Each structure stands twice: as C-alpha cells, then as structure tokens.
1. Considering every residue within the stretch 75-85, establish whether at least one is in a loop (DSSP other than H, G, I, E, B), touching a Cys at 6+ places or on another chain (Cβ under 9 Å) and surrounded by fewer than 21 Cβ atoms within 10 Å (Cβ to Cβ).
2. Identify, by number, the condition in (1) hydrophobic (A, V, I, L, M, F, W, C); (2) touching a Lys or Arg at 6+ places or on another chain (Cβ under 9 Å); (3) modelled with pLDDT under 95 that Leu43 doesn't meet.
3. Which count do you get for residues in the stretch 46-87 that are small (Gly, Ala, Ser) and under 12 Å from the mean Cα position of the chain (by Cα)?
4. What pairs come out if I take residues in the stretch 185-196 that are among the small types (Gly, Ala, Ser) and pair them with residues that are surrounded by 10 or more Cβ atoms within 10 Å (Cβ to Cβ) whose C-beta lies under 7 Å away, six or more apart or interchain?
5. Taking the condition in contact with a helix residue (DSSP H, G or I) (Cβ under 7 Å, 6 or more places away or on another chain), of a type in the set (Lys, Arg) and either surrounded by fewer than 18 Cβ atoms within 10 Å (Cβ to Cβ) or assigned to a loop (DSSP other than H, G, I, E, B) (or both), does Arg174 pass?
6. Contact list please: Cβ distance under 6 Å, first residue in the stretch 55-77 and without any contact (Cβ under 8 Å) to a residue 60 or more places away in the chain and hydrophobic (A, V, I, L, M, F, W, C), second residue surrounded by 15 or more Cβ atoms within 10 Å (Cβ to Cβ) and not in a helix (DSSP H, G or I), pairs at least six apart or on different chains.
7. Kindly provide the set of residues from the stretch 178-194 that are of a type in the set (A, V, I, L, M) and either modelled with pLDDT under 95 or farther than 15 Å from Val44 by Cβ (or both), ordered by number.
8. Give the residue, chosen from Arg191, Arg131, Arg138, that is among the basic types (Lys, Arg), buried (at least 17 other Cβ atoms within 10 Å of the Cβ) and either part of a helix (DSSP H, G or I) or touching a Cys at 6+ places or on another chain (Cβ under 7 Å) (or both).
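The values are calculated or read from the model by the stated rules, or taken from the named source; none is laboratory data. Everything quoted here is computed from the prediction, not taken from an experiment. Cβ sites come from the backbone with ideal geometry, for glycine too, and all protein chains shown count toward neighbours.
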Amino acid sequence: MQATIAPVRSHSIASHLLTESDSLARTFESLRSDTLLAAAEQLVKAPRVWLVGLGVDEGLVRFMRPQMARVRPDVHCLGMQSGVWAEDLALTGPRDCLLLVMTQARDPLLERLAAHAATTRVDVVAVVDIRNAAWARRVAKIVLPCYSAHSDHAFSAMAAASMLHLLIQTAADRLGKRASQRQQVVNDIQRELDGS
C-alpha cells in the first residue's frame, strides 16, 4: 500500500518527484467527494475545532491552525503546552470537532485521546496515513486516508499536508461569506499590528 522509493544511491530529483506525485495521485484518486464534504461540514458546524498531532505531526497541526483560524473562529490545538492534556480536554464539549492528524506510527496517547473524545461526544475527523486508516475508522466519524512516501532516512507527509489544505479550502467554500468576513477581520487586525 505504501509508495516504494529507490535506494538512496539512486534517489534523484526525478525519482523524488515521481514518488511524491504517485502518493498524491493515490491519495486523491481514492478520495470520495462526499467524504471530503462531510469532513468539511464537521469543521464548519462545530462550536469549536480542536487539532491534535503528536511527534512530527505536531508540525502539520501548527501549520494548519492559523490557516483554519482565517476562515472560522474557535480553532485550538490540544496539548501544545507540556503537561496540560487534562486541562485542554476539559475545555472540549459535545458537538466540538477533533481533527486528528496521524502520519506516523500510532502513539498510545492518541488512543486515550480518542476514547475521551467519544465519552464527551466530540466528533472526530482523522487525516491519517493509509497504514492507520483501519484504526482511525474505529475512533473517527470520518477518515481521510493518505498515501505517504518514505525511505530509511526520511518520511514525506506531502499527501497529508495537501489533504489538510484541501479540507481548509472546502470548509471555506462551505462557510461562504462568513469565511470571507473572517478573513477580512484577520487582515484588518494584521494591518493594525503592522502599523499600516
């Protein structure tokens, strides 16, 4: 199920492009539009959106949060401060949406977070590597699987990053004028901060 990469000695720009293109093609060719729309709708209708990614996936979550916050309010990252998982989870509530990003091996903490989300009726949307899709289907309302390229030395989350970008764009389309108004508010504040 995973894309195959040539050994490092023969890895070139051309083979890298081919591998990344294959991962993106496999990811989006298998994506159903109704699944994407349902995931975006969860992000749109939730009172609050919570993002979580552990390890290197934390970088994807940090990348996504300000972009999502430009189209809707109340977008938060779980666990960005060390040791405050319980305090963050105490802020979640019914109908909130937890967007779980997992491109690496599953961390046991994610299983406990997903279990807690289920008890508080938080809807889970998961953007995961295809290797984690079966597990994600047990804990998430909607799963968006991605194919990732990797070698012994590096791992690519290009497909997951692209999926997150598409998810934000689709949510913005669903929000319509509200997303544009939110963007304008953010732009106005940025101009004030820049002193222009």
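1. Checked the stretch 75-85: no residue is in a loop (DSSP other than H, G, I, E, B), touching a Cys at 6+ places or on another chain (Cβ under 9 Å) and surrounded by fewer than 21 Cβ atoms within 10 Å (Cβ to Cβ).
2. It fails just one condition, (3).
3. Qualifying residue count, the stretch 46-87: 2.
4. Hits for this filter: zero, empty list.
5. yes
6. Between residues of the stretch 55-77 that are without any contact (Cβ under 8 Å) to a residue 60 or more places away in the chain and hydrophobic (A, V, I, L, M, F, W, C) and residues that are surrounded by 15 or more Cβ atoms within 10 Å (Cβ to Cβ) and not in a helix (DSSP H, G or I), the close pairs are Val61/Leu51; Val61/Gly53; Val61/Cys77; Val61/Val101; Val75/Val49; Cys77/Leu51.
7. Val185, Val186, Ile189, Leu193
8. That would be Arg131, the only listed residue that is among the basic types (Lys, Arg), buried (at least 17 other Cβ atoms within 10 Å of the Cβ) and either part of a helix (DSSP H, G or I) or touching a Cys at 6+ places or on another chain (Cβ under 7 Å) (or both).
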